[in-house]
Amino acid sequence: MLIIYFAAGMVDPAELLGRMEEQVVQAKQEASTRKEILEKMEKWMSACEEEGWLEDYNKVWPSQGKM
């Protein structure tokens, strides 16, 4: 929408550039946050998988000292 105003001479180019830079910064922050969330989810899923593997292992090879 700002591009239309810019083309019509209704928006200062410096203002347009400033707004575009703000949007780029916001997009980078959102991408970083999403990346952090995905990394945490991958770690959580890996831990769940390991826990499941350990439970299965203990069913097959129970400890000799347990009663």
Checklist entry - under 33 Å from the mean Cα position of the chain (by Cα), at pLDDT below 85, assigned to a helix (DSSP H, G or I) and of a type in the set (A, V, I, L, M, F, W, C), is that true of L16? => result yes
Item to check | Flag for V24 being over 21 Å from the mean Cα position of the chain (by Cα) and not basic (K, R) | outcome: no
Checklist outcome for this item: Here the residues within the range 15-66 that are of a type in the set (V, I, T) and either within 30 Å of Y5 (Cα to Cα) or touching a Lys or Arg at 6+ places or on another chain (Cβ under 9 Å) (or both) are V24, V25
Item to check | Near pairs, Cβ below 7 angstrom, 6+ apart or cross-chain, from the range 27-54 (in contact (Cβ under 8 Å) with a residue 24 or more places away in the chain) to any residue that is surrounded by 10 or more Cβ atoms within 10 Å (Cβ to Cβ) and among the β-branched types (V, I, T) | outcome: none
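The values are calculated or read from the model by the stated rules, or taken from the named source; none is laboratory data. In this text, all values refer to a predicted model and were calculated from it rather than measured experimentally. Cβ atoms come from the backbone with ideal geometry, glycine included; neighbour counts cover every protein chain shown.
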